Amino acid sequence: MATVKIRIPTPLQKLTNNKDEVNGSGKTIKDMLSNLESDYPGFKERLYDDEGQLRRFINIYVNEEDIRFLDGEETNLNDGDSISVIPAIAGGLGKQI
Amino acid sequence: MSFTLGLKCRECGREYPAEPVHVCEFCFGPLEVKYNYDEIKLALTRDVIESRPANMWRYRELIPIDSEPTVGLHNGFTPLVRAKNLGKELGLNNLYIKNDSVCHPTLSFKDRVVAAAVNKAREFGYDTVACASTGNLANSVAAHAASAGMKSYVFIPHDLELTKVLGTSVYGTKLIGINGSYDDVNRFCSEVAAVFNWAFVNINIRPYYGDGSKTFGYEIAEQLGWAAPDNVIVPVAGSSLITKIHKAFKEFEGLGIIDKANSKIFAAQATGCSPVTTAIKAGMEDFKPVKPKTIAKSIAIGNPADGYYGIKVVGQTNGWGEDVNDQEIVDGIMLLAETEGIFTETAGGVCVGVTKKLCEQGRIKKDEVTVISITGQGLKTTEAVEDHLNSPVVIEPKLSIFKEIEKDL
């Protein structure tokens with residue numbers, strides 16, 4: 001179980017009491033996102049579609065690397081990794097939303 | 001007068017007011033402009049369009065700005081060239097080149113999207129525009145900001161072609177090279193956009209920006225005598241243009257401006273950066289991002305924002321996707337230059353090379369009306385061809401010497 005830092009995009013900060021970075025933990029990305037749901041309810045609905053797939057327009061990075069170049073949701077995490085959740089469209093975080 | 005009805009998420013359909021936002025806050029899908037087509041149908045007819053000056057604003061009702069444009073007034077309406085010589089080479093009887101290598105003012109189709117974006121940015125009250133760019137967008141944002149009297153910040157990969165760098169800084173923009181690929185620049189800019197209150201044309205202004213490139217498609221249809229072509233070959237980078245050309249034909253069909261929009265849309269990429277065409281060939285619904293390695297830097301985007309929709313448009317229209325290697329890109333540039341006298345950049349070489357492949361595969365038939373999209377200017381990427389061209393023969397100015405060497409030229 002690794003402890004990591006997760007950067008939260010603006011549209012999801014309502015779920016984290018407006019924090020733009022939170023701590024997370026898990027063996028893999030999938031694990032970590034599932035734990036995130038317990039700490040901050042509502043994440044799952046926003047990140048996964050009705051069929052349980054990660055939404056098409058969400059990109060997740062581990063230490064600046066897109067997880068699609070790694071092992072996707074099965075990517076293993078190490079202590080101190082930095083995770084970013086970023087909307088895919090033009091990589092945008094979107095200030096005003 | 002405005003003909004828009006706000007923004008709508010392409011994925012989940014949630015609606016938003018017309019603001020500088022581009023991502024659905026619920027599902028992260030892209031937002032697109034919603035138009036009031038009933039009103040547009042009353043206002044925009046063939047006669048109205050034909051009565052207006054020859055620039056992109058002749059389709060003003062279909063460009064998402066509220067007031068009259070104040071910048072980029074002369075952009076667009078580039079030539080649609082009947083390419084008989086190239087057609088002969090490729091075995092096509094009805095081949096055309098849509099030539100945005102001469103688009104005013106910075107010689108690429110990006111002048112269309114930037115004109116829409118900068119006017120919109122002004123309407124929103126911004127005094128600064130910015131972009132992440134592979135070069136052509138950089139040139140265009142810098143030029144339009146200068147002409148609008150706005151400040152501009154342009155972010156590019158550190159290793160762009162010299163002319164694309166100079167052709168940006170000359171306008172007095174603040175130019176920042178980023179150590180990394182375009183995809184790194186793009187992601188970095190999303191962070192900058194979240195902190196600085198600027199109009200990032202391809203980030204927070206993206207829904208409005210993207211619709212500027214619909215004019216490329218409107219013009220093709222108008223210039224073909226109010227008809228959509230059978231085939232269009234489009235270079236794919238972020239994969240927006242290919243979707244907007246399709247949208248343009250469909251809008252014209254819906255408005256009754258053309259009869260039918262049954263064009264097959266073909267995606268063209270460089271083999272060294274071909275996430276979209278690879279997905280098309282493999283029958284995949286979505287693409288897998290890649291790390292680009294190609295001389296076609298203007299279209300070297302490994303993680304295309306609209307890749308998913310590009311793949312969809314190609315599938316829906318019974319088109320196809322092909323890619324060509326660096327040598328084929330150079331051959332494509334030279335073939336277009338030698339047959340039609342048009343010097344395009346690497347992205348254009350990609351399109352010519354891909355068209356050749358599609359002909360060989362029998363996917364394009366010889367009598368079909370086919371349009372190759374040439375979106376950029378060769379003088380901006382001379383590095384790509386310099387090693388492949390003969391240097392001038394240098395001689396003394398003496399007729400006898402010239403007569404000697406003339407037969408060997």
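The values are calculated or read from the model by the stated rules, or taken from the named source; none is laboratory data. It should be emphasised that the depicted structure is a prediction, and the values quoted were computed from it without experimental measurement. Glycine gets a Cβ as well: all are built from the backbone with ideal geometry, and neighbour counts include every protein chain shown.
For the range B:336-374, give me the residue count where each residue is in a strand (DSSP E or B) and either of a type in the set (Ser, Thr, Tyr) or over 20 Å from the mean Cα position of the chain (by Cα) (or both).
Total meeting the criteria: 3.
Looking at (1) within 11 Å of chain A (Cβ to nearest Cβ); (2) modelled with pLDDT under 95, which is the one condition that is false for B:CYS131?
B:CYS131 satisfies every listed condition except (2).
Within the range B:66-88, is there a residue that is of a type outside the set (Asp, Glu), over 30 Å from B:THR339 (Cβ atoms) and in contact with an Asp or Glu (Cβ under 9 Å, 6 or more places away or on another chain)?
In the first step, residues of the range B:66-88 are kept if they are of a type outside the set (Asp, Glu); the result is B:67, B:69-88.
The next check asks that each one be over 30 Å from B:THR339 (Cβ atoms); those that pass are B:67, B:69-73.
Subsequent filtering for residues that are in contact with an Asp or Glu (Cβ under 9 Å, 6 or more places away or on another chain) retains B:67, B:72.
Yes, because at least one residue in the range B:66-88 is of a type outside the set (Asp, Glu), over 30 Å from B:THR339 (Cβ atoms) and in contact with an Asp or Glu (Cβ under 9 Å, 6 or more places away or on another chain).
Looking only at helices (runs of 4 or more DSSP H) that lie completely in the range B:239-318, which have at least 2 residues being under 25 Å from A:GLY72 (Cα atoms)?
Fully inside the range B:239-318 and qualifying: B:275-282, B:307-316.
Tally time: how many residues in the range A:47-82 are within 13 Å of chain B (Cβ to nearest Cβ), within 14 Å of the chain's Cα centre (by Cα) and among the hydrophobic types (A, V, I, L, M, F, W, C)?
Going through the range A:47-82 one residue at a time, the tally reaches 6.
Would you confirm whether any residue within the range B:42-50 is acidic (Asp, Glu) and assigned to a loop (DSSP other than H, G, I, E, B)?
So far as the range B:42-50 goes, no, none of its residues is acidic (Asp, Glu) and assigned to a loop (DSSP other than H, G, I, E, B).
Would you mind stating whether B:ALA267 is crowded, with 22+ Cβ neighbours inside 10 Å and within 26 Å of A:ASP71 (Cβ to Cβ)?
For B:ALA267, the condition - crowded, with 22+ Cβ neighbours inside 10 Å and within 26 Å of A:ASP71 (Cβ to Cβ) - is not met.
Name, by its number, the condition in (1) more than 28 Å from A:ARG56 (Cα to Cα); (2) surrounded by fewer than 24 Cβ atoms within 10 Å (Cβ to Cβ); (3) of a type in the set (S, T, N, Q) that does not hold for B:ASN231.
All conditions are met except number (2).
Checking the structure you have, find out if any residue of the range B:253-260 is of a type outside the set (Phe, Trp, Tyr) and surrounded by 24 or more Cβ atoms within 10 Å (Cβ to Cβ).
No, the range B:253-260 contains no residue that is of a type outside the set (Phe, Trp, Tyr) and surrounded by 24 or more Cβ atoms within 10 Å (Cβ to Cβ).
Within the range B:125-140, can one find any residue that is aliphatic (A, V, I, L, M), touching a Leu at 6+ places or on another chain (Cβ under 9 Å) and under 30 Å from B:THR294 (Cα atoms)? First the steps, then the outcome.
Residues of the range B:125-140 aliphatic (A, V, I, L, M): B:129-130, B:132, B:137-138.
Imposing the further condition that a residue be touching a Leu at 6+ places or on another chain (Cβ under 9 Å) reduces the set to B:138.
Imposing the further condition that a residue be under 30 Å from B:THR294 (Cα atoms) reduces the set to B:138.
Looking through the range B:125-140, at least one residue is aliphatic (A, V, I, L, M), touching a Leu at 6+ places or on another chain (Cβ under 9 Å) and under 30 Å from B:THR294 (Cα atoms).
Residues checked against (1) within 14 Å of another protein chain (Cβ to nearest Cβ); (2) out of contact with any helix residue (DSSP H, G or I) (no Cβ under 8 Å at 6 or more places or on another chain); (3) surrounded by 14 or more Cβ atoms within 10 Å (Cβ to Cβ); (4) of a type outside the set (A, V, I, L, M, F, W, C):
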{"position": "B:THR4", "(1), (2), (3), (4)": "no, yes, yes, yes"}
{"position": "B:PHE26", "(1), (2), (3), (4)": "yes, no, yes, no"}
{"position": "B:LEU42", "(1), (2), (3), (4)": "no, yes, no, no"}
{"position": "B:ALA54", "(1), (2), (3), (4)": "no, yes, no, no"}
{"position": "B:ARG58", "(1), (2), (3), (4)": "no, no, yes, yes"}
{"position": "B:LEU62", "(1), (2), (3), (4)": "no, no, yes, no"}
{"position": "B:VAL71", "(1), (2), (3), (4)": "no, no, yes, no"}
{"position": "B:HIS74", "(1), (2), (3), (4)": "no, yes, yes, yes"}
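Go through chain A and tell me which strands (runs of 3 or more DSSP E), entirely inside it, have 1 or more residues that are farther than 29 Å from B:CYS131 by Cα and not small (Gly, Ala, Ser).
Values: elements: A:2-7, A:21-26, A:58-62, A:82-87.
In chain A, A:2-7, A:21-26 are the strands (runs of 3 or more DSSP E) which contain 1 or more residues that are farther than 29 Å from B:CYS131 by Cα and not small (Gly, Ala, Ser).
Just to be sure before I move on: is B:ILE301 β-branched (Val, Ile, Thr) and modelled with pLDDT under 95 in the structure I sent?
Against the criterion (β-branched (Val, Ile, Thr) and modelled with pLDDT under 95), B:ILE301 qualifies.
Tell me which residues, restricted to the range B:193-216, are in a helix (DSSP H, G or I) and within 12 Å of chain A (Cβ to nearest Cβ).
Passing the criteria: B:ALA193, B:ALA194, B:VAL195, B:ARG206, B:PRO207, B:TYR209, B:GLY210.
Do you know which residues across the range A:83-92 are touching a residue at least 60 places away in the same chain (Cβ under 8 Å), within 11 Å of chain B (Cβ to nearest Cβ) and not hydroxyl-bearing (Ser, Thr, Tyr)?
Across the range A:83-92, the qualifying residues are A:VAL85, A:ILE86, A:PRO87.
Which numbered condition in (1) surrounded by 19 or more Cβ atoms within 10 Å (Cβ to Cβ); (2) assigned to a loop (DSSP other than H, G, I, E, B); (3) modelled with pLDDT under 95 is the only one that B:ASN390 fails?
Tallying (1) surrounded by 19 or more Cβ atoms within 10 Å (Cβ to Cβ); (2) assigned to a loop (DSSP other than H, G, I, E, B); (3) modelled with pLDDT under 95, B:ASN390 fails exactly one: (1).
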